[in-house]
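Undergrad: Dropping a structure here in structure tokens format, bear with me for questions.
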Amino acid sequence: MTDLQTSLFIIGGAFLVGVISYNKWQEYKAKKSVERAFSGSHDDVLMTPKDGGEAPVRHEPKLFESELDSELDGRGDARQAAAAHDDIEQSAEQGALEPQFGAPVAGAPAPAPAARRDLPVDELIDCAIPLALEAPVRGDKILPALQSLRHVGNKPIHFIGEDANGDWEPVAHGGVYSTLLAGVQLANRTNPLNEIEYSELVSRLRQIADDLGAEPDLPDMMEVMHTARSLHQFVIEHDAQLGVNIQSNGAPWAISTLQAALTRQGFDARPEGRMVMSDGEGGLLFSLSTNASAVAETTSRLTLLLDVPRVAPDRDGYGAMVACGRSLAARLGGVLVDDSNQPLADVQLAEIAGQVDAFYREMDAAEIPAGSVRALRLFS
């Protein structure tokens, strides 16, 4: 080995040691930055607002564009989004939500006593099919047959029964029913009920009806498909997500230390890698993503995301999420930014607040309030 080769080996080794040392130093700094951020006794106004306390200021983040704002680019400014929502409000006043989803499907009897939101068959979002029994039947006999039909495609099917008092309830052991009502969900986030699914439902319902001595009163397929597509269009137009990003102003953050600290602050880790903030009653307010791969050790960007139609306005998910983002940015030495990495100013957040209010009014007008059972079923 010549002196030149020896020198090159020494220089290469020194360079490699330097790179490894630098990476270790960066990891150490990332871990320490997170530890320092969460080591003090900070007020946790970012998380769940205290009962009876003053609600956080309603400064709203930039929308992650939904299908509702597809005409805008992915980083449309607040003024464009506000104009889009104004157009939607005007179209709603002119009947954009027609046909009214609360109206029964043409050609089918209106199951008025069963049209209650606290029952699993809901006339607004389900295709309801009456099954008249030849004689009252006990729930114990009915249930095995009904449990064989729980879905067609990805649409759930529910059954309720009318008891001797004329009241409707989910079919249960011990009950005696003179009439049944089957309900298949007309749409969800993925797609509307289609002809193949409806045909499968009809075929399997006829078999169940034969076994139980019942006669199904089937609505016209074309009318059902029209209603299903109209409802799915509503879902598409209101399938919005709202988010804020926290971008590091300096060194990246250590993910392992960050996740542990966030867990202590009230976030729950999910198997798919997300962390979620509970509303305190079993529901979710918003989620947090580290925007990093499973093997990454650091991250320079966090994202808080709110599934708008699935969270009720009185939960103040918006205020809680923005307060959380502000607190995390202050603790970690970061800044709130939009998808284009532009800082989110107060004026932008305030403009989005108006859009959010309009969004909730539209859902209320369609009798599908955000966070309601109807909304949770549709936006799934």
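Undergrad: How about segment 279-291: which of its residues are surrounded by fewer than 18 Cβ atoms within 10 Å (Cβ to Cβ) and farther than 18 Å from residue 380 by Cβ?
TA: Within segment 279-291, 280, 281, 289, 291 meet the criteria.
Undergrad: Pick from 203, 178, 199: which is open to solvent by 60 Å² or more (accessible area, probe 1.4 Å) and among the polar types (S, T, N, Q)? Talk me through it step by step, then tell me what you get.
TA: Values: 178 fails: open to solvent by 60 Å² or more (accessible area, probe 1.4 Å); 199 fails: open to solvent by 60 Å² or more (accessible area, probe 1.4 Å).
Of the residues listed, the single one that is open to solvent by 60 Å² or more (accessible area, probe 1.4 Å) and among the polar types (S, T, N, Q) is 203.
Undergrad: If you go through segment 151-187 one residue at a time, how many are in contact with a Gly (Cβ under 9 Å, 6 or more places away or on another chain), under 14 Å from residue 123 (Cβ atoms) and not aliphatic (A, V, I, L, M)?
TA: 2
Undergrad: Here's a follow-up. If only one of 341, 291 is free of Cβ contacts under 8 Å to residues at least 60 places away in the same chain, part of a loop (DSSP other than H, G, I, E, B) and over 30 Å from residue 123 (Cα atoms), which one is it?
TA: Numbers: 341 fails: free of Cβ contacts under 8 Å to residues at least 60 places away in the same chain.
The conditions single out 291.
Undergrad: OK, next. Regarding residue 351, is this residue open to solvent by 50 Å² or more (accessible area, probe 1.4 Å) and assigned to a loop (DSSP other than H, G, I, E, B)?
TA: Values: open to solvent by 50 Å² or more (accessible area, probe 1.4 Å): yes; assigned to a loop (DSSP other than H, G, I, E, B): no.
No, not satisfied.
Undergrad: For segment 240-257, enumerate the residues that are open to solvent by less than 40 Å² (accessible area, probe 1.4 Å) and either outside any strand (DSSP E or B) or among the aromatic types (Phe, Trp, Tyr) (or both).
TA: 240, 251, 252, 253, 255, 257
Undergrad: Kindly indicate the residue of segment 360-378 that is assigned to a helix (DSSP H, G or I) and under 15 Å from the mean Cα position of the chain (by Cα) and also surrounded by the most Cβ atoms within 10 Å (Cβ to Cβ) among those meeting that condition.
TA: Taking segment 360-378 and keeping what is assigned to a helix (DSSP H, G or I), we get 360-365, 373-378.
Subset that is under 15 Å from the mean Cα position of the chain (by Cα): 360, 363, 373-378.
On the way: 360: 17, 363: 20, 373: 15, 374: 21, 375: 22, 376: 15, 377: 17, 378: 24.
Restricting to residues being assigned to a helix (DSSP H, G or I) and under 15 Å from the mean Cα position of the chain (by Cα), the top hit is 378.
Undergrad: Go through (1) of a type outside the set (Asp, Glu); (2) at pLDDT 95 or above; (3) closer than 29 Å to residue 352 by Cα; (4) in contact with a helix residue (DSSP H, G or I) (Cβ under 8 Å, 6 or more places away or on another chain) and name the single condition residue 233 misses.
TA: All conditions are met except number (4).
Undergrad: When you go through 102, 183, 166, 153 one by one, which is the residue that is open to solvent by less than 50 Å² (accessible area, probe 1.4 Å), at pLDDT 95 or above and among the small types (Gly, Ala, Ser)?
TA: Working: 102 fails: at pLDDT 95 or above; 166 fails: at pLDDT 95 or above; 153 fails: open to solvent by less than 50 Å² (accessible area, probe 1.4 Å).
When all the criteria are applied, what remains is 183.
Undergrad: I'm checking my understanding of the structure. Among residues of segment 258-274 that are open to solvent by less than 20 Å² (accessible area, probe 1.4 Å) and over 24 Å from the mean Cα position of the chain (by Cα), which one is modelled with the highest pLDDT? First the steps, then the outcome.
TA: The first filter runs over segment 258-274 and keeps only residues open to solvent by less than 20 Å² (accessible area, probe 1.4 Å), leaving 258, 261-262, 267.
Within this subset, residues satisfying the condition of being over 24 Å from the mean Cα position of the chain (by Cα) are 258, 261.
Working: 258: 92, 261: 88.
Among those residues, the one meeting the criterion is 258.
Undergrad: Please enumerate the residues belonging to segment 119-144 that are open to solvent by less than 10 Å² (accessible area, probe 1.4 Å) and of a type in the set (A, V, I, L, M). Break it down into steps so the answer makes sense when it comes.
TA: Residues of segment 119-144 that are open to solvent by less than 10 Å² (accessible area, probe 1.4 Å), as a first pass: 121-122, 124-127, 129, 131, 139, 142.
Scanning segment 119-144 gives 121, 124, 125, 129, 131, 142.
Undergrad: Just give me the residues in segment 332-348 being open to solvent by less than 30 Å² (accessible area, probe 1.4 Å) and not β-branched (Val, Ile, Thr), in sequence order.
TA: First pass over segment 332-348, keeping only residues open to solvent by less than 30 Å² (accessible area, probe 1.4 Å): 332, 334, 336-338, 344.
Answer for segment 332-348, where residues must be open to solvent by less than 30 Å² (accessible area, probe 1.4 Å) and not β-branched (Val, Ile, Thr): 332, 334, 336, 338, 344.
Undergrad: Sticking with this structure for a sec: Considering only segment 267-282, state which residues are over 17 Å from residue 242 (Cα atoms) and assigned to a loop (DSSP other than H, G, I, E, B).
TA: Our first condition is that a residue be over 17 Å from residue 242 (Cα atoms); within segment 267-282, this holds for 267-273, 280-282.
The answer is 270, 271, 272, 273, 280, 281, 282.
Undergrad: Restricting to segment 206-230, name every residue that is more than 21 Å from residue 159 (Cα to Cα) and either among the small types (Gly, Ala, Ser) or open to solvent by less than 20 Å² (accessible area, probe 1.4 Å) (or both).
TA: Within segment 206-230, just 230 meets the criteria.
Undergrad: Oh, and also: Need the failing condition index for residue 157 against (1) among the β-branched types (Val, Ile, Thr); (2) in contact (Cβ under 8 Å) with a residue 60 or more places away in the chain; (3) within 21 Å of residue 197 (Cα to Cα), just the number.
TA: (2)
The values are calculated or read from the model by the stated rules, or taken from the named source; none is laboratory data. Just so you know, these numbers come straight off a predicted model, no measurement behind them. Note that each Cβ is placed from the backbone with ideal geometry, even for glycine, and that neighbours are counted across all protein chains shown. Note: accessible area is taken over every heavy atom of the protein model, side chains too, but ligands, DNA and RNA are not part of it. Shrake-Rupley method; radii C 1.70, N 1.55, O 1.52, S 1.80 Å.
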